[in-house]
Amino acid sequence: MNKVVPQGNGNGRAAAGTKAHPEGEGSLSPSCSRRGACLSALLLLLLAMLAALVALVVSLGLPSRPPGPPPIHSGTQACVTLTNRTGFLCHDQRICVPASTVCDGFHTCPHGEDEDESLCRDVPQTLPSFLVARCGDPAAWIYSDQKCDGTNNCGDCSDELSPVTTCPPCGPGWWRCLPTVFQYCGCVPRALCQDGTQHCSDWSDEYTCLRP
């Protein structure tokens, strides 16, 4: 007599004495394995491309940013004016204004950077060092383009005479003498020569100096 093996009951349930194995449990189908391998390979490829791009950027260098206005206190803002005096370079990198026009209340640079609040907030402490010259009195100061200009800007001639300041001899527009006028130190303007008024202690401005 043949032994009948129980089969399923037709509604998808396993017959008694058998254990059902749901698809995907305990093992992966070949299609899932292949899909995972493809995803891993694609991820590795993307990472490799990213690494190659980073290496290329590093080797070529990052693109430079367009130049902006230089910092207010940058030393590159020092310049020399047409009269060979210390100047302040405007942000256009072309116009050089006299140092003594900085923070004077008037916009000399095209965009007004010579009157910038960061420069003029606490003069002279907030001024770049190239704009400032100290007098014999440490508490007194002048603009650097006022040094050796023939005029007694410090009030004690320390901006014109040694030992505080060493200036070149009087220029062609000046007459060297010991002035009697407090406004000048070691020279007087030739425009004052022979004007009928004594400006030199030895009267040389009236008897020796010739007008330009």
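Does segment 60-78 include one or more residues that are surrounded by 15 or more Cβ atoms within 10 Å (Cβ to Cβ), under 21 Å from THR126 (Cα atoms) and modelled with pLDDT of 80 or more?
Among the residues of segment 60-78, at least one is surrounded by 15 or more Cβ atoms within 10 Å (Cβ to Cβ), under 21 Å from THR126 (Cα atoms) and modelled with pLDDT of 80 or more, which makes the answer yes.
Name the residue, out of SER144, SER162, that is more than 16 Å from the chain's Cα centre (by Cα), modelled with pLDDT of 95 or more and not β-branched (Val, Ile, Thr).
Exactly one residue qualifies, and that residue is SER144.
If you check every pair at least six apart or on different chains, which have Cβ atoms under 7 Å apart with a residue in segment 167-183 that is part of a strand (DSSP E or B) first and a residue that is surrounded by 15 or more Cβ atoms within 10 Å (Cβ to Cβ) and acidic (Asp, Glu) second?
Once the first residue is part of a strand (DSSP E or B) and sits in segment 167-183, its partners that are surrounded by 15 or more Cβ atoms within 10 Å (Cβ to Cβ) and acidic (Asp, Glu) give TRP175/ASP205.
Do you know which residues across segment 126-149 are aliphatic (A, V, I, L, M), surrounded by fewer than 19 Cβ atoms within 10 Å (Cβ to Cβ) and not in a strand (DSSP E or B)?
Once the filter is applied, which keeps residues that are aliphatic (A, V, I, L, M), surrounded by fewer than 19 Cβ atoms within 10 Å (Cβ to Cβ) and not in a strand (DSSP E or B), segment 126-149 yields ALA139, ALA140.
Kindly list the number of the only condition in (1) modelled with pLDDT of 95 or more; (2) within 20 Å of the chain's Cα centre (by Cα); (3) not in a loop (DSSP other than H, G, I, E, B) that fails for VAL188.
Result: VAL188 passes all but (2).
Can you name every residue in segment 150-181 that is touching a strand residue (DSSP E or B) at 6+ places or on another chain (Cβ under 7 Å), buried (at least 16 other Cβ atoms within 10 Å of the Cβ) and under 22 Å from TRP203 (Cα atoms)?
Passing the criteria: GLY150, THR151, ASN152, CYS170, TRP174, TRP175, CYS177, PRO179.
Before we move on, is PRO98 in contact with a Phe, Trp or Tyr (Cβ under 8 Å, 6 or more places away or on another chain) and buried (at least 20 other Cβ atoms within 10 Å of the Cβ)?
Considered against the rule, which asks whether it is in contact with a Phe, Trp or Tyr (Cβ under 8 Å, 6 or more places away or on another chain) and buried (at least 20 other Cβ atoms within 10 Å of the Cβ), PRO98 comes out as yes.
What do you reckon, is LEU119 part of a loop (DSSP other than H, G, I, E, B) and on the phi < 0 side of the Ramachandran plot?
Spelling it out, it is not the case that LEU119 is part of a loop (DSSP other than H, G, I, E, B) and on the phi < 0 side of the Ramachandran plot.
The values are calculated or read from the model by the stated rules, or taken from the named source; none is laboratory data. On a predicted model such as this, the values are computed, not experimentally measured, just so you know. No Cβ is skipped: glycine too gets one built from the backbone with ideal geometry, and neighbour counts run over all protein chains shown.
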